[in-house]
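Below is one structure, written out as structure tokens, with a few remarks after it.
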Amino acid sequence: MEINGVTIDNTYAEAFPTWVCRVIITAVTRDWARKAATEATGFATSAIGCPCEAGIECDVPASETPDGRPGVAILICTGKKKLKDQVVERVAECVLTAPTTAVFNGITNAEEKIAVKLHFFGDGYEYQKEVGGRKCWAIPVMNGEYVGEEEFGIVKGVAGGNFFVMGENQMAALVGAEVAAEAISHAKGVITSFPGGIVGSGSKVGSLKYKFMHASTNEKYCPTLREKVPDSKVPAGINAIYEIVIDGVDEKSVADAMSVGIKAAVKVPGVKFISAGNFGGTLGPFKIELHKIL
């Protein structure tokens, strides 16, 4: 298959299950909501070494938030046992502490919920109030009041959807990856948790040499190793590869985001090949086939 003269590899992205919590952060301005959201999703690129995977999903207009202020939605993704602690810690340390913020449950129809009890920070001065028809706690703080819901819906999601943008040089591949990440940033229900939505150091499960490593460089996709690795998957003429990794609330959301990103990337001059990462089922049960989603 080719799109705009770019070859689409006949392969699939291998993804794995995760649990997802969606948190809506509001503030007096969109800028302050985004600052809090950025802090709350820090050190959350990959489950390989981070306590969770997290990122900004989208801006939420004031007309759609419970308190009528501009907001930002974030997704926090990890195992079910760890999810509550991650949401509590990130909201408590990164959102409650930010100027003018409030938080609300972003998945109101979820069958399962977690408790995010922060009102004890009020030291007895906290009180319950209703905001936009939702039961919240108000905590007196130095700049007024922090307001937040304390029950958040969680759903089974999908992590690790991915594709590779391969270019004839580094800048072509990078621009292709940038426009892909930008296109995905407008999709609902997904995040790209790596910096700028792009991975420059794609990894494989485990290590061939160092048994203590849970992950190591994916040598089959390193252009500088094309002549050294017998089973290299770097096509001739490709000198740089970037990976886009996507987490989402369900498999369809991830697949749709992959499709949107790929269709954006193939429009960039110098992008020559699109592929995806999989490990023969050792990583997860979801197989998102590139030809099918396109």
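All of the numbers you see were taken from the coordinates with simple rules; none came from a lab. None of the values given here were measured: they were computed from a predicted structure. Don't worry about glycine lacking a Cβ; one is built from the backbone with ideal geometry, like all the others, and counts go over all protein chains shown.
Looking at the range 97-195, what % of the alpha carbon pairs are farther apart than 21 Å?
Working: 2697 of 4851 pairs.
Roughly 56 percent, rounded to a whole number.
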Completion exercise
Helix 251-265 sits off the longest principal axis of the Cα atoms of the chain, rounded to the nearest 10 on a 0 to 90 degree scale, by 60 degrees
Exercise for the section: Give, in nm to one decimal, the length gained when the segment between M213 and F121 is fully stretched (0.36 nm per residue of separation minus the Cα-Cα distance). Expected result: 29.1 nm
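Go ahead and estimate [θ] at 222 nm for the chain from helices alone: -39,500 (n - 2.57) per DSSP H run with n ≥ 4, summed, over the residue count, rounded to 500. Before the final figure, lay out the partial values.
Numbers: 5 runs with 56 residues, N = 294.
Rounded to the nearest 500, the figure is -6000 deg cm²/dmol.
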Exercise for the section: Relative to the longest principal axis of the C-alpha atoms of the chain, give the angle of the C-alpha long axis of helix 30-40, reported between 0 and 90° and rounded to the nearest 10°. Expected result: 70 degrees
Exercise for the section: Could you size up the charge dipole of the chain around its Cα centre, putting +1 on the beta carbon of Lys and Arg and -1 on that of Asp and Glu, and report it in debye to the nearest 20? Expected result: 620 debye
Handout entry: Angle between the chain longest axis and helix 80-90 axis [Cα atoms, degrees, rounded to 10]
Key = 60 degrees
Practice task
Largest first and to the nearest Å, give the Cα extent of the chain along each principal axis.
Solution key: 67, 41, 32
Handout entry: Binned Cα-Cα distance frequencies in the range 19-155 - 10 Å width, integer %
Key = 13, 47, 34, 6, 0
